[in-house]
1. Net charge near Glu340, counting Lys/Arg +1 and Asp/Glu -1 over other residues with Cβ under 15 Å of its Cβ?
2. Once both labels are modelled 7 Å past Cα along the beta-carbon direction, what's the Ser230-Glu314 spacing in nm?
3. Where does the charge balance sit around Thr24 when Lys and Arg score +1, Asp and Glu -1, over other residues with C-beta under 13 Å from its C-beta?
4. Would you calculate the convex hull of the Cα atoms in the range 48-203 and tell me its volume per residue in Å³?
5. So what is the accessible area of the chain per residue, in Å², with the probe set to 1.4 Å?
6. From the square roots a ≥ b ≥ c of the eigenvalues of the alpha-carbon gyration tensor of the range 161-299, which class results: rounded (a/c under 1.5), prolate (a/b over b/c), or oblate?
7. Counting only protein heavy atoms and using a 1.4 Å probe, what share of the accessible area of the chain belongs to carbon plus sulfur, as a whole percent?
8. Near Lys203, which lysines are there with a Cα under 25 Å away, not counting those fewer than 8 places off in the same chain?
Amino acid sequence: MALRALNYLELESHLDRSGIGTATDQQRAALARTDVEVVTSPWRGGDPLAGLQSTVRGRGLLREYDVAHCNLVGPGSLAVARHAKRNGIPLILHTHVTREDFAESFRGSTTIAPALGRYLKWFYSQADLVLCPSAYTKRVLESYPVDAPIRPITNGVDVDALEGYEDLRAEYRERYDLEGTVVFLVGNVFERKGLSTFCEVAKETPYDFAWFGPYDTGPHASKAVKRWTSNPPENVTFTGWIDDVRGAYGAGDVYLFPTKNENQGIAVLEAMACGKAVVLRDIPVFEEFYTHGHDCLKCETEAEFREAVERLAEDPELRERLGENARETAREHSLDRVGEQLAATYREVVDAKRAGRPVEVDVESEAEIEPENESGE
């Protein structure tokens with residue numbers, strides 16, 4: 001059955017530096033390996049203004065497609081959702097945002113998070129199926145509770161896009177004055193991602209630390225981001241935006257990710273795909289993907305993070321063993337598999353809608369959800 005799917009990310013041009021943008025790009029790359037035809041804009045003519053002009057000409061505001069898949073929660077996605085509900089179009093809403101991972105992202109986000117949670121409960125409940133990156137996120141959504149079937153599907157990792165990272169090692173180490181064993185992290189600089197822990201561990205070790213990713217020092221930046229980026233420890237480099245993320249994975253040796261909350265963490269899979277030794281905070285979402293001592297080391301306290309970094313820096317054989325096992329783990333999240341799962345999911349949702357029945361999901365035992373982090377920034 002030929003299938004035309006809308007895979008939509010509103011504000012796409014502003015999210016190219018984000019995990020949501022990467023996840024959406026990977027969905028589309030994965031679907032390109034299938035027979036699903038993908039359109040990326042719901043608007044006739046490609047944008048809302050062109051869509052309005054099309055409406056004046058009597059052709060309608062939105063394009064035609066068999067299933068709508070939205071990756072964000074703003075007004076554009078809401079318009080697509082309402083159109084889908086009015087016209088009987090199967091609707092998939094993808095959870096890249098929860099109130100839990102929204103907290104401690106920028107100034108005021110922790111205060112806003114509870115209100116956001118109420119909106120997300122209502123918004124995600126419009127869907128015929130909610131997709132999310134992990135079983136952990138599924139349990140979070142069920143705790144709201146979201147009144148729609150919820151199914152986990154990995155964000156995956158684009159291994160092909162990382163090819164050649166080794167060739168950039170010397171260039172990026174020289175560019176950012178990095179030597180010896182380099183402890184690193186890739187992504188936007190947020191306190192939620194373990195910024196303070198990253199810097200405190202750096203202060204207690206002699207190694208170079210590098211955080212590859214953009215950061216905001218304007219009015220929206222949290223106090224923690226402003227404090228650490230304006231006055232970092234001597235051995236910590238905040239690179240800001242880099243033009244080729246492969247350079248980060250080439251330059252670094254130990255991937256330190258003391259994040260407090262994730263829905264999955266694409267950069268972890270990227271580091272693993274590059275064979276890097278990974279150190280993670282021991283939080284629920286990582287339990288379903290990674291095994292301590294096999295493909296990563298997991299820690300809870302700053303002392304444990306420091307000991308893990310020192311152990312890996314002093315033991316290249318352990319780094320190599322963890323890195324090779326991490327590569328194998330990353331292969332389980334290939335885009336080929338993601339494409340197959342998405343294509344099958346689209347067809348399943350379309351068939352269920354036509355038959356007038358709900359989408360079926362597996363029932364699994366529910367685990368306790370960690371209480372929402374109400375700490376300040």
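The values are calculated or read from the model by the stated rules, or taken from the named source; none is laboratory data. Just so you know, these numbers come straight off a predicted model, no measurement behind them. Virtual Cβ from ideal backbone geometry, glycine too; neighbours counted across all protein chains shown. Quick note on the areas: whole protein, heavy atoms, side chains included, nothing else; ligands and nucleic acids left out. Shrake-Rupley method; radii C 1.70, N 1.55, O 1.52, S 1.80 Å.
1. Details: positive: Arg28, Arg33, Arg151, Arg331, Arg337, Arg347; negative: Asp35, Glu332, Asp336, Glu348.
So the environment of Glu340 carries a net charge of +2.
2. 3.8
3. Working: positive: Arg17, Arg28; negative: Glu10, Glu12, Asp16, Asp25, Asp158.
That sum, taken over residues with Cβ under 13 Å, equals -3.
4. Values: hull volume 31.2 nm³, N = 156.
With only Cα atoms used, the range 48-203 gives 200 Å³ per residue.
5. Values: 16580 Å² over 377 residues.
Spelled out: the 1.4 Å probe surface of the chain, per residue, equals 44 Å².
6. Working: a/c = 1.44, a/b = 1.06, b/c = 1.36.
Verdict is rounded for the range 161-299.
7. On the way: 7830 of 16580 Å².
Reported share for carbon and sulfur atoms: 47 percent.
8. Lys193, Lys223, Lys226, Lys260, Lys276, Lys298
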